[in-house]
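First comes the structure, then the notes that go with it.
The values are calculated or read from the model by the stated rules, or taken from the named source; none is laboratory data. Note that the structure is a prediction, hence the values are computed from the model and not measured. Note that each Cβ is placed from the backbone with ideal geometry, even for glycine, and that neighbours are counted across all protein chains shown. In case anyone asks, the SASA skips ligands and DNA or RNA and just uses the protein heavy atoms, side chains included. Shrake-Rupley method; radii C 1.70, N 1.55, O 1.52, S 1.80 Å.
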Amino acid sequence: KAAATTTPARANVDGEREQPEQNQISVKKSRVFTFVEKTGLGHQHGVEGRLKSGSIQLGAEQDAGTLVFDMTSFDADTDAARSYLGLEGSTSSSTREQVNSNMRGAPILNVREFPTATFSIQSAKLITDKDTSGKSRYELSGDFTLRGKKRPLKFVAEVQQKDGMNHVTGKFSILQTQYGITPFKKALGAVGVADRLTIHGDLWLAL
């Protein structure tokens, strides 16, 4: 009797152990970029983050998927983040370490207690089919949970087939104070960041 054989796990072009299944995101290829506006004499920041997992069922009117953000991966002022968000120049490693320490610490993201954030997508309704650029537009609606606080969220995403996947892009804004975060300030408030954050998703979804 021949010995049973096992099929090795597939590795896709992104280097993932398994090819993402239909409607699942590629965690290797997908990114989240957050724009942080300054107040006073502060500095604008761009933050690069990754997702732990996620799926979006485009066109679904209920139970359309979930995105799980890996908050421990959020990294301030990477060259990729600054370029994506249109910020000029690079940031020194020592400055980035200081910003990351503040950002990940208990007063702000508190990644030790809240290592993930979640967007539970209730619906992903088609708004317009492909336009002249080849992109379709969907309204994503659901609940966003950050630091254990859940609030409703709705925004428009653009979708275009590219490199054998659905490239999904979109952005939304949140107020830090609505999630129990006091925006960073120092020097009696002369240096700090704004309450509003703008979060850009650049996701790759398996067909």
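Numbers for the structure displayed
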item: Test for Arg112: is it surrounded by fewer than 18 Cβ atoms within 10 Å (Cβ to Cβ) and at negative phi; result: yes
item: Count - residues of segment 20-42 that are modelled with pLDDT under 90, surrounded by 15 or more Cβ atoms within 10 Å (Cβ to Cβ) and either assigned to a loop (DSSP other than H, G, I, E, B) or of a type in the set (Lys, Arg) (or both); result: 2
item: Condition met for Gln178 (within 20 Å of Ser55 (Cα to Cα) and more than 17 Å from the chain's Cα centre (by Cα)); result: no
item: Strands (runs of 3 or more DSSP E) (entirely within segment 118-207) containing at least 3 residues that are in contact with a Gly (Cβ under 7 Å, 6 or more places away or on another chain), open to solvent by less than 40 Å² (accessible area, probe 1.4 Å) and within 22 Å of Lys38 (Cα to Cα); result: 191-206
item: Single condition Arg96 does not satisfy, out of (1) open to solvent by 40 Å² or more (accessible area, probe 1.4 Å); (2) part of a strand (DSSP E or B); (3) touching a strand residue (DSSP E or B) at 6+ places or on another chain (Cβ under 6 Å); result: (2)
item: Boolean, Ser90 is surrounded by fewer than 18 Cβ atoms within 10 Å (Cβ to Cβ), touching a helix residue (DSSP H, G or I) at 6+ places or on another chain (Cβ under 7 Å) and not basic (Lys, Arg); result: yes
item: Yes/no for Gly15 being modelled with pLDDT of 50 or more, within 18 Å of Ser73 (Cβ to Cβ) and in contact with a Lys or Arg (Cβ under 6 Å, 6 or more places away or on another chain); result: no
item: Those residues of segment 114-129 which are touching a residue at least 24 places away in the same chain (Cβ under 8 Å) and not polar (S, T, N, Q), in sequence order; result: Phe114, Pro115, Ala117, Phe119, Ile121, Ala124, Lys125, Leu126, Ile127
item: Condition met for Thr116 (β-branched (Val, Ile, Thr) and farther than 22 Å from Gln24 by Cβ); result: no
item: Test: residue in segment 48-67 that is open to solvent by 30 Å² or more (accessible area, probe 1.4 Å), over 17 Å from Gln176 (Cα atoms) and β-branched (Val, Ile, Thr); result: yes
item: Segment 57-75 residues that are without any contact (Cβ under 8 Å) to a residue 60 or more places away in the chain and under 30 Å from Asn100 (Cα atoms), paired with ones that are charged (D, E, K, R) and open to solvent by 50 Å² or more (accessible area, probe 1.4 Å) (beta carbon under 6 Å, 6 or more apart); result: Val68/Lys52; Asp70/Arg50; Asp70/Lys52; Ser73/Arg50
item: Test: residue in segment 55-75 that is outside any strand (DSSP E or B) and at pLDDT below 95; result: no
item: Scope segment 76-93; condition on the phi > 0 side of the Ramachandran plot, among the small types (Gly, Ala, Ser) and either assigned to a helix (DSSP H, G or I) or in contact with a His (Cβ under 6 Å, 6 or more places away or on another chain) (or both); matching residues; result: none
